[in-house]
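The values are calculated or read from the model by the stated rules, or taken from the named source; none is laboratory data. Keep in mind that this is a model prediction, so the values were computed, not measured. Here the Cβ is made from the backbone with ideal geometry for all residues, glycine too, and neighbour counts use every protein chain on show. When the accessible area is computed, the model is the full protein with side chains, heavy atoms only, and any ligands, DNA or RNA have been set aside. Shrake-Rupley method; radii C 1.70, N 1.55, O 1.52, S 1.80 Å.
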Amino acid sequence: QKEVEQNSGPLSVPEGAIASLNCTYSDRGSQSFFWYRQYSGKSPELIMSIYSNGDKEDGRFTAQLNKASQYVSLLIRDSQPSDSATYLCAVSPFSGGYNKLIFGAGTRLAVHP
Amino acid sequence: GAVVSQHPSWVICKSGTSVKIECRSLDFQATTMFWYRQFPKQSLMLMATSNEGSKATYEQGVEKDKFLINHASLTLSTLTVTSAHPEDSSFYICSAILQRGVNEQFFGPGTRLTVL
């Protein structure tokens, strides 16, 4: 079983719609959760971090965490073509060592005009 | 803040040669840096954790004698790919932590290595 799982996509949404990206993780003791955006040929860029259950909003982005279900999601409101990228979910495992992150394979998002 | 640079951005070398990649934290001191490798259409795979002043911690399956990591200062970590072969061709990315106790990692722009 993969430690961090994401649907590879592509997830295709029209401009202005809400894009919903999902991630599940296997290490129940994980404490820190992150969403990164990666454009083709570029390195990842941190979008959101979330540490406690519930929702965390930052502009058009909302991260949601449910530790009981071992599930974290990212909502992108008013999606724009510039949001088209691969979104990586990253988890800091409980037993993984100091500050280590485990990345999912990423979900490719395509926002079409 | 939290700017991480890498040099070179791309490199082409012949099989059997060694290549050094530098990772620098430009506006902060990074006691811990990480090195990742990413093959096309795959996710990031952590290679090693680099701690200033101590030996790097390598992930299972990563050859420490092939991928030499040195973290000699609080702003610089280097990855040397020794005796590179075509299968080592990949996108190498480093990251750094802004402050101890906070797990957010900030990534450098990456180095694309092509071994002929």
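Annotations for the structure displayed:
- Charge-dipole axis of chain B as Lys and Arg at +1 and Asp and Glu at -1 on Cβ define it, positive-most pick from B:Gly61, B:Pro40, B:Gly110: B:Pro40
- Fraction of accessible area attributable to carbon and sulfur, chain A (%, probe 1.4 Å): 48
- Convex hull of the range B:20-116 built on C-alpha atoms - directionally averaged projected area, nm²: 6.2
- Shielding by partners - mean other protein chain Cβ count within 10 Å, residues of A:101-107: 4
- Mean per-residue shielding of peptide B:44-51 is 3, counting Cβ atoms of other chains within 10 Å of each Cβ.
- Between the residues A:Pro44, A:Ala85, A:Gly59, the greatest Cα displacement towards the positive end of the dipole of the range A:1-87, with unit charges on the Cβ of Lys, Arg, Asp and Glu, is found for A:Pro44.
- 37 °C / 0.692 mPa s Stokes-Einstein diffusion coefficient of chain A, Kirkwood radius on C-alpha pairs, µm²/s: 234
- Surface exposure of the protein assembly as shown, expressed per residue as accessible area with a 1.4 Å probe, stands at 48 Å².
- The protein assembly as shown: Cys lacking any partner C-beta under 4.7 angstrom: B:Cys13
- Here chain B has 53 percent of its accessible surface on carbon and sulfur atoms, given a 1.4 Å probe and all protein chains in place.
- Computed magnitude of the charge dipole of the protein assembly as shown (debye, nearest 20; Cβ of K, R +1, Cβ of D, E -1): 320
- Estimated from the Cβ-Cβ distance and a Förster radius of 30 angstrom, the FRET efficiency linking B:Ser9 and A:Gln80 is about 0.65.
- Charging the Cβ of each Asp and Glu at -1 and of each Lys and Arg at +1, and nothing else, the dipole of chain A about its Cα centre rounds to 220 debye.
- Between chain A and chain B, the total buried accessible area stands at approximately 1600 Å², from heavy atoms with a 1.4 Å probe.
- With the biggest extent put first, the Cα atoms of the protein assembly as shown measure 49, 37, 37 Å across the principal axes.
- Peptide A:41-49 is shielded by partner chain Cβ atoms: per residue, an average of 5 of them sit within 10 Å of its Cβ.
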